[in-house]
Amino acid sequence: MKTPYSYNTITDFLLSQPLTVDVEIDDEKAGCFPLKCIEFDATVLYVGMHDFARLTLEFSPTEILIYLNMFLVWMRESLAREPFCVVERFLDSAIVLLFSKKFGSEEPFFDAIRAARWMGENDELLFKPDMGIASGRVAAGFAGTPKEFTGSVFGRPLLLAAACAKMKPREDMAACITFPEDEWRGRSFAELFPPLEFDHPEKGRVRQPAAWKLGEPRSVEIPSLGTVGLRDVATFVHWPPDRDAKEKAREWFAQIKAKGFYKYNK
């Protein structure tokens, strides 16, 4: 059952809330268009498909589509655990998750970290997504052409979260979450990344230290944004070698062709 704050899409949100701006602009050069949007504070979790450009060149078009859908289905459990977010596709190589008090989140940054942590700890298909987080003012609004208008999200936090995801350290990490240094604000690492507790058949209740580590502050140059202080939280606990999503995508495509379900269109 949907909570009062639960929205499936940005369009759902736009159609159910009072708008910040609801006007029609008639520009002498560009023409006439409606402007409907809501401004609000949010935390953005950018989840990019790692090496998407290289995979697109390496795979056939149908194989990359299979891979993309496997990626989206894999994310489904993380999204099911986080009722306070709205999901938006960002081009074809990334997903943007929005967390906001507007959606019922009491602590948007905490919820974004928790979603990213689940992905890092449950990456058995070795997607190794690029994950970046940033907070600030965003605008959800309709944009498009006379043929189609769709709801989307705009603002500096989206650009910054995407940049953070691409600026992770070049180390052999199993997963990494990168965000601006000022997002941390003296937060408790133990609260965001608590030790894992479980019942051991011989030792009883066991408390296992967190597999994640908080990196030191660092400064990077980001095009259009200048010098930005970043921090990273990473885990170096790798999943054991097995068939990853790339191999599985090829296997599924081979099965589709072998069973005669692939029909080449000229």
Practice prompt. Keeping all protein chains in position, work out how much accessible area D172 exposes to a 1.4 Å probe, and write it in Å² to the nearest 10.
Written response: 110 Å²
Practice prompt. Report the calculated FRET efficiency for D26 and K101 (r = Cβ-Cβ distance, R0 = 30 Å), to the nearest 0.05.
Written response: 0.30
Worksheet, complete the sentence: In nm, the gap between the two label points placed 7 Å beyond Cα toward Cβ at V237 and E221 is 3.9 nm
Worksheet item: Taking the mean number of other Cβ atoms within 10 Å as a proxy for protection, how do you rank 9-20, 43-54 from highest to lowest?
Response: 43-54, 9-20
Worksheet item: Top mean-square fluctuation among A140, A161, A80, Gaussian network model of the chain, C-alpha springs under 10 Å?
Response: A80
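Summing Lys, Arg as +1 and Asp, Glu as -1, what charge do residues with Cβ under 12 Å from the Cβ of K257 carry, K257 excluded?
+1
Counting only DSSP beta bridges with both residues in the chain, what percent are antiparallel, rounded to the nearest 5?
Numbers: 57 of 59 bridges.
Of all bridge pairs located within the chain, approximately 95 percent are antiparallel.
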Discussion item. Compute, for the chain, the length of the dipole vector about the Cα centre, with Cβ point charges of +1 (Lys, Arg) and -1 (Asp, Glu) only. Units Debye, rounded to 20.
Written reply: 640 debye
Practice prompt. Pairs of Cα atoms under 8 Å, at least six residues apart: use those to get the relative contact order of segment 122-228, whole percent.
Written response: 22 percent
Response to the item:
Largest fluctuation, I222, I113, I256 only, Gaussian network model of the chain with Cα springs under 10 angstrom, belongs to I256
Practice prompt. Subtracting the Cα-Cα distance from 0.36 nm times the residue separation, let me have the gained length for L65 to F33 in nm, one decimal.
Written response: 8.1 nm
Worksheet, complete the sentence: Row for segment 1-116, column shape: gyration tensor on C-alpha, a ≥ b ≥ c, rounded if a/c < 1.5 i.e. under 1.5, prolate if a/b over b/c, else oblate; value oblate
Fill in: Distance in nm between pseudo-label sites at L15 and Y264 (7 Å out along the Cβ direction from Cα)
4.3 nm
Worksheet, complete the sentence: Sorted by chain and number, the residues with a modelled amide H under 5 Å from that of Q17, at a separation of 5 or more or across chains, are none
Worksheet item: Of all accessible surface on the chain at a 1.4 Å probe, what whole percent is carbon and sulfur?
Response: 54 percent
Worksheet item: Which entries in K36/K101; K168/K213; K166/K213; K168/K248 show an alpha-carbon gap greater than 24 Å?
Response: K168/K248
Discussion item. I want the local charge near D244. Using Cβ-Cβ distances under 15 Å, sum +1 for each Lys or Arg and -1 for each Asp or Glu among the other residues.
Written reply: -2
Worksheet item: Over the heavy atoms of W74, what accessible area does a 1.4 Å probe trace out, to the nearest 10 Å²?
Response: 30 Å²
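Can you tell me the length gained on complete extension of the stretch D244 to R207, counting 0.36 nm per residue apart and subtracting the Cα distance?
Details: separation 37, 0.36 × 37 = 13.32 nm, distance 3.01 nm.
Using 0.36 nm per residue and subtracting the Cα-Cα distance, I get 10.3 nm.
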Fill in: Straight-distance crosslink candidates among lysines, where the alpha carbon sits under 17 Å from K102 and sequence neighbours closer than 8 are dropped
K2
Response to the item:
Sorting M131, M173 on solvent-accessible surface, 1.4 Å probe, most exposed first, gives M173, M131
Worksheet entry | Inter-part distance where segment 229-257 and segment 147-190 are each reduced to a Cα centre, Å | 21 Å
Worksheet, complete the sentence: Taking a ≥ b ≥ c as the square roots of the Cα gyration tensor eigenvalues, with a/c under 1.5 meaning rounded and otherwise prolate when a/b beats b/c or oblate if not, the chain comes out oblate
Worksheet, complete the sentence: Once Lys and Arg are counted +1 and Asp and Glu -1 for all other residues with Cβ under 15 Å from that of M167, the total becomes -2
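The values are calculated or read from the model by the stated rules, or taken from the named source; none is laboratory data. Predicted model only: the values in this text are computed from it and were never measured. A quick note on method: Cβ atoms are made from the backbone with ideal geometry, for glycine too, and the neighbour counts reach across all protein chains shown. Accessible surface is based on the protein model in full, side chains and every heavy atom, while ligands, DNA and RNA are left aside. Shrake-Rupley method; radii C 1.70, N 1.55, O 1.52, S 1.80 Å.
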